[in-house]
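The values are calculated or read from the model by the stated rules, or taken from the named source; none is laboratory data. Just so it is clear, the model here is predicted, and its values are computed rather than measured. We place every Cβ from the backbone using ideal geometry, glycine too, and count neighbours over all the protein chains shown. These area figures cover heavy atoms from the full protein model, side chains too; ligands, DNA and RNA do not enter into them. Shrake-Rupley method; radii C 1.70, N 1.55, O 1.52, S 1.80 Å.
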Amino acid sequence: MAAGVLANARGEILVARRSDDVHQGGLWEFPGGKVEPGESSPQALARELEEELGIRLESARPLIRVRHDYSDARVLLDVWRVTAWHGSVHGREGQVIRWLNADAMPRLPMPRADVPVVAAVRLPDCYLITPQPAPDRGEFLAALRASVEAGVRLVALRAKSTADAELVSLAREAVAICRARGARMLINADPALLEASDADGVHLASARLMAATKRPIATGKWLAASCHDADELAQAVRIGVDFAVLSPVAATPSHPHARALGWNGFQEMVEKVNLPVFALGGMGRGDLDEAWAHGAQGIAAMRALWKADARAGAPWQSR
């Protein structure tokens with residue numbers, strides 16, 4: 001199955017209601033349909049969008065591939081983010097269609113296979129992992145402000161050597177900076193600190209991930225996890241994380257002895273899980289096309305996304 005995610009000028013996402021008399025009837029879905037013999041997914045998507053919506057596909061890029069086993073059918077959902085089309089969208093087959101705010105989509109009745117797709121739709125393509133906060137809190141917060149003003153929309157506050165009380169205080173200031181600019185922030189810390197920090201979710205370090213026996217926070221808040229191999233990715237799925245970070249894709253100065261996965265190794269692992277997965281390790285915005293081509297949600301990075309000099313906008317350098 002090939003499906004497309006279309007967004008209008010307001011950022012709303014197009015969904016269509018399935019007919020009551022078909023598989024998963026009455027539920028809402030992303031437009032698309034079956035890949036016919038001899039067709040590629042982009043070719044099938046272009047045909048389906050013309051047949052269903054009366055538009056001509058001009059460009060699209062991979063978003064996520066989901067394998068799901070219903071009791072009566074197995075599906076491979078190959079989802080593409082449509083970046084340009086020609087024509088006016090309308091329900092050409094008489095189907096009901098709606099433009100919906102992405103953050104309202106988790107409340108929409110949809111097939112189970114679409115659940116990870118909804119997460120992918122709601123996530124940006126870059127994920128900032130902050131450096132350990134400097135002693136000068138003002139300097140750290142200024143750099144965070146510069147980073148989100150430069151376009152970062154998802155942040156993990158990484159403060160492993162910061163005491164809990166100080167981390168909560170810092171997190172509340174950081175959350176205010178992010179939300180004022182339309183960004184979300186997760187804390188890489190004990191999930192018990194989530195409510196006090198007012199963060200949008202929790203990012204689990206790999207050790208905390210592997211020690212978990214269930215999802216440690218309620219649904220409705222973002223849960224992410226750091227993974228380095230197939231076992232950790234499988235554990236992330238088992239406890240119900242919303243997305244993961246897989247590393248290292250390439251060698252990095254901070255982990256010079258870690259064995260790099262390479263893009264093929266990354267893709268091989270990601271293909272086995274129904275999760276949005278960010279590629280981490282030597283990544284920058286220039287790697288996005290490569291990341292998408294190998295099944296990634298996008299890239300996660302510290303140096304490439306962190307603006308240490310708030311006045312000059314220079315990238316953070318390790319000391």
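Observations on the model:
- The lone criterion from (1) open to solvent by 20 Å² or more (accessible area, probe 1.4 Å); (2) farther than 18 Å from Lys221 by Cα; (3) touching an Asp or Glu at 6+ places or on another chain (Cβ under 9 Å) left unmet by Pro111 is number (1).
- Residue check, Gln95 in contact with a Lys or Arg (Cβ under 7 Å, 6 or more places away or on another chain), closer than 27 Å to Ala301 by Cβ, open to solvent by 30 Å² or more (accessible area, probe 1.4 Å) and modelled with pLDDT under 95: no
- Residue in region 45-56 that is part of a strand (DSSP E or B), under 27 Å from Asn274 (Cβ atoms) and touching a strand residue (DSSP E or B) at 6+ places or on another chain (Cβ under 9 Å) present: no
- Residue identified as of a type in the set (Lys, Arg), over 18 Å from the mean Cα position of the chain (by Cα), more than 23 Å from Met283 (Cα to Cα) and at pLDDT 95 or above among Arg208, Arg137: Arg208
- Only one of the listed residues (Lys221, Lys160, Lys214) is under 17 Å from the mean Cα position of the chain (by Cα), of a type outside the set (Ser, Thr, Tyr) and open to solvent by 30 Å² or more (accessible area, probe 1.4 Å). That residue is Lys221.
- Here Val202 clears all of (1) open to solvent by less than 60 Å² (accessible area, probe 1.4 Å); (2) not in a strand (DSSP E or B) except the condition numbered (2).
- Exclusive hit being within 30 Å of Asp231 (Cα to Cα) and acidic (Asp, Glu), set Asp200, Asp136: Asp200
- For region 176-192, filtering for residues that are open to solvent by less than 50 Å² (accessible area, probe 1.4 Å) and more than 18 Å from Ile217 (Cα to Cα) leaves 3.
Let's see how each residue does on (1) within 30 Å of Ala176 (Cβ to Cβ); (2) touching a helix residue (DSSP H, G or I) at 6+ places or on another chain (Cβ under 8 Å):
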{"site": "Pro37", "(1), (2)": "no, no"}
{"site": "Ala73", "(1), (2)": "no, no"}
{"site": "Arg92", "(1), (2)": "no, yes"}
{"site": "Ala104", "(1), (2)": "yes, no"}
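- Inspection of region 43-56 finds a residue satisfying the criterion of being of a type in the set (Lys, Arg), touching a helix residue (DSSP H, G or I) at 6+ places or on another chain (Cβ under 8 Å) and modelled with pLDDT of 95 or more.
- In region 238-250, the condition of being of a type in the set (Asp, Glu) and either surrounded by fewer than 19 Cβ atoms within 10 Å (Cβ to Cβ) or not in a loop (DSSP other than H, G, I, E, B) (or both) is met by no residue.
Yes/no matrix, rows are residues, columns are (1) among the aromatic types (Phe, Trp, Tyr); (2) open to solvent by 60 Å² or more (accessible area, probe 1.4 Å); (3) out of contact with any Ser or Thr (no Cβ under 6 Å at 6 or more places or on another chain); (4) more than 20 Å from Gly295 (Cβ to Cβ):
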{"residue": "Ala2", "(1), (2), (3), (4)": "no, no, no, no"}
{"residue": "Pro42", "(1), (2), (3), (4)": "no, no, yes, no"}
{"residue": "Glu48", "(1), (2), (3), (4)": "no, no, yes, yes"}
{"residue": "Leu57", "(1), (2), (3), (4)": "no, no, yes, yes"}
{"residue": "Thr83", "(1), (2), (3), (4)": "no, yes, no, no"}
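- Hey, Leu275 over 19 Å from Pro124 (Cβ atoms) and surrounded by 18 or more Cβ atoms within 10 Å (Cβ to Cβ) or not: no
- Scanning region 67-117 for residues that are without any contact (Cβ under 8 Å) to a residue 24 or more places away in the chain and in a loop (DSSP other than H, G, I, E, B), we see that the one that is farthest from Glu29 (Cα to Cα) is Ser71.
- Filtering region 283-303 to residues that are open to solvent by 50 Å² or more (accessible area, probe 1.4 Å) and either in a loop (DSSP other than H, G, I, E, B) or at pLDDT below 95 (or both) leaves only Arg303.
- For Glu195: the one exception among (1) open to solvent by 60 Å² or more (accessible area, probe 1.4 Å); (2) under 25 Å from Gln297 (Cα atoms): (2)
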